[in-house]
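Here's the structure we're looking at; comments come further down.
Just so it is clear, none of the values below were taken in a lab; they were calculated from the coordinates. Only a predicted model underlies this, so the values are computations on that prediction, with no experimental measurement involved. Reconstructed Cβ throughout: ideal geometry from the backbone, glycine too, with neighbour counts over all protein chains shown.
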Amino acid sequence: MTEETGGRIVKLTDRFVETAIGDETVIMRLADGDFFALDGTSLAIWQAIDGARDRAKVSEAVGLLHQGDPAEIRRDVDAFIGELVAAGFVAG
Amino acid sequence: MPASSSQPLQDDLVALMRRETRVFPGPFVDRLEGRLVTSGTQYLDHARENFLLRDRDFSILYRKGHGVFVSPETAAWPGEVALYLEGSVYAAAACLNGLFPLHASAVAVGGGVVAFTGPAGAGKSTLLAGLSARGWPMFCDDTLIAQVGDRGDLACLPGHKRLKLWPDSLEMTGARSIGVVSAAYPKHFASPAGGDVARILPLRALIVLEEAEECALVPVSPGERIALLDDDHHTRLIYEDAAAITQADKFRLLARIAGRLAIHRFARPKDPARFGETTGFLAERLEGLAE
């Protein structure tokens, strides 16, 4: 959680471009041209990040689509958002 | 370069490239836009109209709309100069006219093209020669030039380079040598046994060559296709410079192509004793790939 986002998870859209291809979404980091492919759960988490939701709300949205233990979904969401923050794609 | 309504019709592309790559004698040039272009380097001007390649004894200047000017004639002509004309200069002319290069060799299959890509030494030309020996016409060697359509489809120009093979590949494929490239570059020009093709054809599949213990042909996931299409071959670098393309635009272009193009990994042993087996494995699947 940061002061800038008030807990909301926000995509840093000036740092990447994305495209849907087949049942995947591919993101390219503009700084170095590295590619990241998202599918399944990672794609669901990415799509649930709308700039208004915090981690709890993102987990809730993912849980509506993917049945499973809410605590486990929350752990997956936290872990993946951590990766997205580290990659420079989101803040929050 | 992204497709636009001003792109030449496909039928005009062969004629365009033929006009643009006409060779004329010209003055020795070592500067472009006031910038000294040193031996062993190349330079594209900011207007994207002129491409200068310098070597120790000669210069080659491509001028868009006018052709290629080579000077002076030296002991290097025609062999060494011819290699540059087929390579970087042709690529520059193609890219400055909005065409897209792939580092690939290819055969014609059922009204389309199946291309093979991989780094230098992956076996692209050797595989091409092996398939040609089985009757598949050669479409191109080493560089595939294409027009990218609005929906990412690729219309491929017939090859402009001669097939070149190392001596061991000549022996392995049974290809006929028609001369050594040069003393400094002892590959052999070879005549493709299956003949070649002189018309524009659509690209149906791209095969990424890899080495493994046993043969396997595996489709590549949609996301991975984009990464595989992003290569750093010198012709692609010329394209990116010629198109003044941003990272974001390049991504969108590759995504458009990846959305349409079937890409497979062909893993196979590179043991010369198994070349017939591995070539046969792919040959049996070529028509299915081209559908």
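Taking each of B:64/B:270; A:11/B:250; B:161/B:270; B:187/B:250 in turn, the alpha-carbon distance tops 31 angstrom for B:64/B:270; B:187/B:250.
In degrees from 0 to 90, rounded to the nearest 10, what is the angle of the helix B:10-20 Cα long axis to the longest principal axis of chain B? It works out to around 50 degrees.
Run the numbers on region B:180-271 and let me know its relative contact order in percent, using alpha-carbon pairs under 8 Å that are six or more apart.
Details: 81 pairs, mean separation 46.4, N = 92.
Result for region B:180-271 is 50 percent.
The phi-based Karplus calculation (6.51 cos²θ - 1.76 cosθ + 1.60; θ = phi - 60°) puts the 3J(HN,Hα) values of region B:60-71 at 10, 10, 8, 10, 4, x, 10, x, 10, 10, 10, 6 Hz, whole numbers, x for Gly and Pro.
Our summary gives region B:86-203 a relative contact order of 28 percent, counting only alpha carbon pairs under 8 angstrom and 6 or more residues apart. Pairing the Cα long axis of helix B:234-243 with the longest principal axis of chain B, what angle in degrees results, from 0 to 90 and rounded to the nearest 10? On a 0 to 90 degree scale, this one is about 60.
Over the Cα atoms of the protein assembly as shown, the radius of gyration divided by the Kirkwood radius equals 1.05; this is the Rg/Rh ratio.
Relative contact order for chain A: 36 percent, from Cα pairs under 8 Å spaced at least 6 residues apart, divided by residue count. The order of the peptides B:188-194, B:95-101 by mean Cβ neighbours within 10 Å, most packed first, is B:95-101, B:188-194. Taken over the C-alpha atoms, region B:212-291 has Rg and Dmax values of 16.1, 46 angstrom. Arranged from fewest to most other beta-carbon atoms within 10 Å of their beta carbon, B:238, B:145, B:245 become B:245, B:238, B:145. If r is the Cβ-Cβ distance from residue A:66 to residue B:18 and R0 is 51 Å, what FRET efficiency results, to the nearest 0.05? About 0.35, to the nearest 0.05. If the elastic network links every pair of Cα atoms under 10 Å, which of B:146, B:258, B:120 fluctuates the most in the Gaussian network model of chain B? Maximum among the listed residues: B:120.
What is the Cα convex hull volume of chain A when expressed per residue in Å³?
Working: hull volume 8.0 nm³, N = 92.
Spread over its residues, the Cα hull of chain A gives 87 Å³ apiece.
Round to the nearest 0.05 the FRET efficiency obtained for residue B:287 and residue B:171 when R0 = 25 Å and r is the Cβ-Cβ distance. Spell out each step's value before the answer.
On the way: r = 28 Å, r/R0 = 1.13.
The formula returns an efficiency of 0.35 here.
In order along region B:26-36, the Karplus-derived 3J(HN,Hα) couplings, from 6.51 cos²θ - 1.76 cosθ + 1.60 at θ = phi - 60°, round to x, x, 5, 10, 10, 9, 9, 6, x, 9, 6 Hz, and Gly and Pro are given as x.
Most exposed first by the Cβ proxy, i.e. fewest other Cβ within 10 Å, how do B:160, B:46, B:233, B:66 rank?
Starting with the residue having the fewest Cβ neighbours, the order is B:46, B:66, B:233, B:160.
Its Cα gyration tensor gives region B:140-291 an equivalent ellipsoid, and the semi-axes of that ellipsoid, as √(5λ) in whole Å with the largest first, are 28, 21, 15. Sequence-ordered 3J(HN,Hα) estimates for region B:94-108 from the Karplus curve with 6.51, -1.76 and 1.60 and θ = phi - 60° stand at 5, 5, 5, 9, x, 8, 10, x, 10, 7, 7, 9, 7, 10, 8 Hz, glycine and proline given as x.
In degrees between 0 and 90, to the nearest 10, how far off the longest principal axis of chain B does helix B:247-258 point, with axes built from Cα atoms? Result, in degrees: 40. Along its principal axes, chain B has C-alpha extents of 55, 44, 31 angstrom, given from the largest down. For the protein assembly as shown, adding -39500 (n - 2.57) for each run of n ≥ 4 DSSP H residues and dividing by the number of residues yields -9000 deg cm²/dmol at 222 nm.
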